[in-house]
Amino acid sequence: MVSADVASYEAEIVRITGRGPRPDGSPALSYVRVPSEVDGTYPGAVQQTVSGSYGTCDQVRSSAAGEGSLVAWAYPTLPALGRWQGILTWLGQDGRPALGLGLDGDGYLALSYRHADGGAGLLRGPGPLEAGRWYHVAASASPASGRVVLLSRERAAPMAAVVTSSADVAAAELGTRAHVAALGTGPLATGTPTSVVDGSYNGKIDRPRLLGRALDAAGLAGLADGAGDDGALSALAYVNSPLRRVTGPGWSGRALDWRVCPDEYQAVWYHDDDLADARWPPAFAWRVPDDARSGMYAARLTAGDREDVISFYVRPAPGARPAPLAVLVPTFTYTIYANFYHPARWVTANGGSTEDEAANAFLGGRRELGLSLYCKHRDGSGVAHVSARRPMVDQRPWHRIATRGNAGRELSGDLYLLDWLEHEGIEYDTITDDDLHAEGAALLMPYAGVVTGGHPEYVSEEMLDALGAYVGAGGNLAYLGGNGFYWVTTVAQDAPHVLEVRRGRSGSRTWTGGPGEGHHTAGEPGGHWVDRGRAPQALVGVGFAAQGGGPGAGYRRTPDSHDPRVAFIFAGVGPDEVIGDFGLKLGAAAADEIDRADAALGTPPGTLVLATTRGAHDDSYQRAVEEVEEMTSRAGGSQSEHVRADMTYLETPGGGSVFSVGSIAWTASLSHDGYANNVAAVTRNVLREFARRGAGRIA
């Protein structure tokens, strides 16, 4: 899918063969052209992206006489936005809005209705609603009596505010369709919208109801307890992934798991910057040939001196002989980081002009393109859903992170690994998180070894189970990254392109979830895997220890590195060599985010700690927040022994093995000195041995 503000552009398919962002400004990408039916010129067209979540229901009981009541609980978070925000909209038989209960531009509750003369009428409440408070809101309109009623009561208030007026309401039939948290289509009191989400609402809505009779104020007030199912919109379909299973007006705090008391968690949180599917039309398509080599590919687009490279991965064709090694590409992490915008971090980047800062500046004003899970919504709440079906403007091979040494990260960071594999001529396949989540351990079993990308931070239970089963059955895993296997991640049951993460209220995070809202929509407890008893150390020997943007460090070998079982790892590496005191990312192989071994967190008995950076980091590296029990000034790298990267090796009872480096920056050191360095030597030794050990798996 392409949006281009040019008359035409050229497109071709390429296979990415290496490189990655370089501080010296040299090309960040090498590739070979793949002749295909895609080659050619295409007309440019600017695509519109419409964000905003809402609910829609087409099973409303119609009202032939136009009599109707609209009832809900509402918790507005941005009540005065200068435009209409729909809470409940009942469409007429003609598909146009007939009755609308919502907030006007000043945050006043209002009822909009069709006037008998063809125009629109508006009944406005006595004062604006306040942000962050629950209100019982209701309205009714009767063409027969010429009466409209509007009611609101703050949950803790003893009396409701009621406004009643005479009005010439149009006797138009109310149809079977309604929208929650959006306006609908066609004109209403606030003008002519161009889409449903022109009336997007920000905040929670609970127990929306539409009744085909016009209740008076007493009747509307009597529905505040939500008892019964009269008029309830129980068959809502949700668009753009609003946040479900959040606390409602009756939440007591007695249970933090919505499955224990589901009636207290029926509310849905809507945002005008939610996006689950950009819905751009395809510009062109490529059918991957059966004989295509597995790896990283891209659609390369050019128009004059303008270029874009939209990357994707090709896995082996069904039935193809697998390569000895599989690179497990952390596509969950790519998707979750995509369109990263963090104003505080951007400001600290010293005003440079890197691609990262340009993307931040761009995204700061283009929220409709879909936000990263590191962002906050316009109302200040955290983004908990993210979709692969949106433009990911920063997931490009040349993307740099200004606050992490101006080097690559996520997709561009993993290009360093692929660059080295191509340079070495090591045969490999690429598989992805999406594949592993869907197919489980069977996807991994044919491979002699599995190699991770540099930052496999977001993983599902299915993925952890699959990796555990693989190494338990004799597989070999090389974890060449840091901060891996960290956040509980779930895949939407009805939309596999949508991921959910609930940050919770503890640990390292960029936003904090609301009380009682830590469980995912499907019921899983969110937060960190360590809080579910599945710390990364239990799988790969190391887990997240610290992060920082200061200079990195090299590893110093330990006595364990001289154990005969790991002699193969250090072939060609001297006993006193510092491993990786160089690199493209912050100057060394241990930098950015680093992991350590810890028996208390699950590092298996018998794990060998081969090398460490203990005592080598400055205070820009701070110990993981979730591990700091009390406020202290001694959590920095110069004082805390916990702030370190450990290189480990472990063997499983089933004959498998795991090698871990505990640093995001490791692969950014592979190309140093023309690829002739000890980081490359260690990595080469490990992968060659894994391929040799597992040769029988792919015979």
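I need the full set of residues from region 290-306 which are loosely packed, with under 13 Cβ neighbours inside 10 Å and either free of Cβ contacts under 8 Å to residues at least 12 places away in the same chain or more than 17 Å from residue 35 (Cβ to Cβ) (or both), in order please.
Correct list: 304, 305, 306.
Hey, residue 78 hits all of (1) at pLDDT 95 or above; (2) more than 17 Å from residue 198 (Cβ to Cβ); (3) of a type outside the set (Val, Ile, Thr) but one; which does it fall short on?
Unmet for residue 78, out of (1) at pLDDT 95 or above; (2) more than 17 Å from residue 198 (Cβ to Cβ); (3) of a type outside the set (Val, Ile, Thr): (2).
What number goes with the only condition from (1) farther than 23 Å from residue 566 by Cα; (2) modelled with pLDDT of 95 or more; (3) aliphatic (A, V, I, L, M); (4) not in a helix (DSSP H, G or I) that residue 631 does not pass?
Answer for residue 631: the failing condition is (2).
Condition first: assigned to a strand (DSSP E or B) and out of contact with any Asp or Glu (no Cβ under 9 Å at 6 or more places or on another chain). Now tell me which residues in region 591-627 satisfy that.
If the condition is that a residue be assigned to a strand (DSSP E or B) and out of contact with any Asp or Glu (no Cβ under 9 Å at 6 or more places or on another chain), then 622, 623 are the ones that fit.
Find the strands (runs of 3 or more DSSP E) located wholly in region 288-387 whose residues include 1 or more that are of a type in the set (Phe, Trp, Tyr), in the same structural domain as residue 504 (by TED's automatic domain parsing) and at pLDDT 90 or above, and list them.
306-314
Can you tell me how many residues in region 482-503 are touching a residue at least 12 places away in the same chain (Cβ under 8 Å) and under 15 Å from residue 437 (Cα atoms)?
Looking only at that region, the number is 14.
Here are some conditions: (1) in contact with a His (Cβ under 8 Å, 6 or more places away or on another chain); (2) in a strand (DSSP E or B). Residue 450 meets all but one. Which one does it not meet?
Of (1) in contact with a His (Cβ under 8 Å, 6 or more places away or on another chain); (2) in a strand (DSSP E or B), only one is false for residue 450: (1).
Exactly one condition in (1) crowded, with 17+ Cβ neighbours inside 10 Å; (2) outside the structural domain of residue 147 (by TED's automatic domain parsing); (3) touching a strand residue (DSSP E or B) at 6+ places or on another chain (Cβ under 8 Å) is false for residue 6; which is it?
The one condition residue 6 does not meet is (1).
Considering only region 559-587, state which residues are among the aliphatic types (A, V, I, L, M) and either in contact with a Pro (Cβ under 7 Å, 6 or more places away or on another chain) or not in a loop (DSSP other than H, G, I, E, B) (or both).
566, 567, 569, 578, 579, 584, 586
Got at least one residue in region 263-271 being at pLDDT 95 or above, more than 14 Å from residue 516 (Cα to Cα) and within 25 Å of the chain's Cα centre (by Cα)?
Yes, some residue in region 263-271 is at pLDDT 95 or above, more than 14 Å from residue 516 (Cα to Cα) and within 25 Å of the chain's Cα centre (by Cα).
Yes or no: region 576-590 includes at least one residue that is under 30 Å from residue 527 (Cβ atoms) and not hydrophobic (A, V, I, L, M, F, W, C). It would help to see each step written out before you state the result.
Pass one, region 576-590, residues under 30 Å from residue 527 (Cβ atoms): 585-586, 589-590.
Narrowing further to those that are not hydrophobic (A, V, I, L, M, F, W, C): 585.
Checking region 576-590: at least one residue is under 30 Å from residue 527 (Cβ atoms) and not hydrophobic (A, V, I, L, M, F, W, C).
Would you be able to tell me the number of residues in region 488-512 that are crowded, with 24+ Cβ neighbours inside 10 Å and not in a loop (DSSP other than H, G, I, E, B)?
The number of residues fulfilling the criteria is 2.
With the condition kept exactly as written, say whether any residue in region 648-666 is among the small types (Gly, Ala, Ser), in a helix (DSSP H, G or I), surrounded by 19 or more Cβ atoms within 10 Å (Cβ to Cβ) and modelled with pLDDT of 95 or more.
no
The values are calculated or read from the model by the stated rules, or taken from the named source; none is laboratory data. Computed from a prediction, not measured in an experiment: that's the story for all the values here. As a convention, Cβ positions derive from the backbone with ideal geometry for all residues, glycine included, and neighbour counts pool all protein chains shown.
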